[in-house]
Amino acid sequence: MNTSIPESDISLRKEWSTPQLTAALRAARDTGSPARLIVPTTGSSGRAKQVVIGIAALGASAAAAHKFLGAKPKQVWSLLLPTNHIAGVNVIMRAIELESELVDITGKADFTSIVPTQLHRALNGGDALLHHLQNTEAVLVGGAGISKTLLDSARAAQINVVTTYGMSETCGGCVYNDLPLDGVEVQINPEGRIMIKGPTLAQGYLNDEELWRQSFNNGWFTTSDLGSISEGKITVLGRVDDVIMSGGESISLDKVEAELNKLLPNIECIAFAVADEKWGNKLCIGSTAVIDEIEISHLLVKSLGKEYSPKAFITFIEIPRIGIGKPDRVKAREIYLSKKQ
């Protein structure tokens with residue numbers, strides 16, 4: 001299979017400098033060139049993909065974000081995310097659309113975009129970042145689910161958090177504070193999966209038309225996320241593949257992590273599964289600090305049910321993550337197994 005990328009396309013690479021990427025995106029927008037953005041991603045599935053995004057979709061995403069935020073020309077975005085991910089590219093494109101300069105954590109910004117891990121660190125000793133976030137009009141937080149505990153703590157600290165939901169295939173966040181952005185439509189299919197339609201959708205996967213056809217049909221992109229809609233608001237319930245069977249019972253890893261965020265608001269945690277002869281899959285808990293295993297097990301069982309009793313614990317230096325935000329449960333399992341050998 002030919003996996004070459006046309007010279008006219010903009011392929012995200014870690015070695016791109018921010019000025020280089022900014023210049024390439026601005027030129028593509030201003031000249032109407034056929035250039036497309038190629039975003040390498042594994043998503044949460046672990047399968048490597050190259051998402052093809054049109055420059056027009058990037059512009060539509062920026063325009064919709066600015067409409068939601070009430071942004072005005074010359075207002076400033078700070079770039080606190082890596083530019084080899086769609087979230088970082090979106091910040092650059094928003095600055096281009098507002099005809100303003102980007103700043104870093106030391107500058108004064110009107111808006112910024114971060115992941116929950118950064119927000120957690122800002123609220124737990126990251127004074128410079130905390131000050132920066134407190135002095136913006138709005139802080140977009142996405143890339144992974146954010147717990148109610150963390151959200152409440154941020155707002156109590158006078159940070160105007162706007163939660164976002166999306167993925168590379170939707171040009172990043174296309175649902176803000178549980179509401180679809182202008183031009184974006186969301187519905188739930190019979191399997192309970194979230195489906196998205198609108199001008200911010202990607203064009204496909206580079207050289208993998210079959211994989212794209214599995215998710216894209218009649219203008220709708222079917223995600224791997226379960227959700228519900230009530231009074232126009234979208235609730236993300238978790239990924240299809242984040243539910244495991246253990247001892248004959250279904251266990252939601254997302255639900256475990258949400259509960260751990262309540263119980264241990266100052267410690268980063270991850271829930272993952274490891275194959276086990278007795279249980280089929282055993283529930284494992286990873287954390288960035290030593291925790292009281294007996295107490296946590298008791299509290300999880302009390303709040304979620306006896307099937308949610310963890311079977312193993314591990315302490316990580318840092319929680320492994322996919323891209324910029326999502327917990328990497330595959331890597332967590334690999335580290336756990338390597339330490340047990």
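The values are calculated or read from the model by the stated rules, or taken from the named source; none is laboratory data. Note that the coordinates shown come from a computational prediction; the quantities given were computed from them, not determined experimentally. For neighbour counting, all protein chains shown are included, and Cβ atoms are generated from backbone atoms with ideal geometry for every residue, glycine included.
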Item to check | Members of segment 150-170 that are surrounded by fewer than 17 Cβ atoms within 10 Å (Cβ to Cβ) and either of a type in the set (Lys, Arg) or touching a residue at least 40 places away in the same chain (Cβ under 8 Å) (or both) | outcome: ARG155
Checklist entry - Which of the residues that make up segment 273-296 are closer than 10 Å to ALA312 by Cα, in a strand (DSSP E or B) and not small (Gly, Ala, Ser)? => result VAL274, LYS282, LEU283, CYS284, ILE285
Next on the checklist: Looking for something closer than 22 Å to GLY142 by Cα and either of a type in the set (A, V, I, L, M) or within 24 Å of the chain's Cα centre (by Cα) (or both) - is there at least one such residue anywhere in segment 273-286?
Outcome noted: yes
Next on the checklist: Can you find, within segment 171-186, the residue that is farthest from the chain's Cα centre (by Cα) among those that are surrounded by 17 or more Cβ atoms within 10 Å (Cβ to Cβ) and part of a strand (DSSP E or B)?
Outcome noted: VAL186
Next on the checklist: Against the condition outside any strand (DSSP E or B) and not assigned by TED's automatic domain parsing to the domain that holds THR164, how does ILE251 come out, does it pass?
Outcome noted: no
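Matching residues to (1) surrounded by 22 or more Cβ atoms within 10 Å (Cβ to Cβ); (2) farther than 19 Å from GLY323 by Cβ; (3) outside the structural domain of ASP328 (by TED's automatic domain parsing):
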{"position": "PHE111", "(1), (2), (3)": "yes, yes, yes"}
{"position": "VAL115", "(1), (2), (3)": "yes, no, yes"}
{"position": "GLY126", "(1), (2), (3)": "no, yes, yes"}
{"position": "HIS131", "(1), (2), (3)": "no, yes, yes"}
Checklist outcome for this item: Subset of segment 298-313, residues in contact with a Phe, Trp or Tyr (Cβ under 9 Å, 6 or more places away or on another chain) and surrounded by 17 or more Cβ atoms within 10 Å (Cβ to Cβ), comes to LEU300, LYS311
Checklist entry - Among the residues of segment 304-334, how many are assigned to a helix (DSSP H, G or I) and touching a residue at least 40 places away in the same chain (Cβ under 8 Å)? => result 7
Next on the checklist: Taking the conditions exactly as written (farther than 21 Å from VAL240 by Cα, in the same structural domain as TRP77 (by TED's automatic domain parsing) and assigned to a strand (DSSP E or B)), does VAL162 satisfy them or not?
Outcome noted: yes
Item to check | Verdict on ALA64 being over 29 Å from ILE267 (Cβ atoms), in contact with a strand residue (DSSP E or B) (Cβ under 8 Å, 6 or more places away or on another chain) and not assigned by TED's automatic domain parsing to the domain that holds GLY323 | outcome: yes
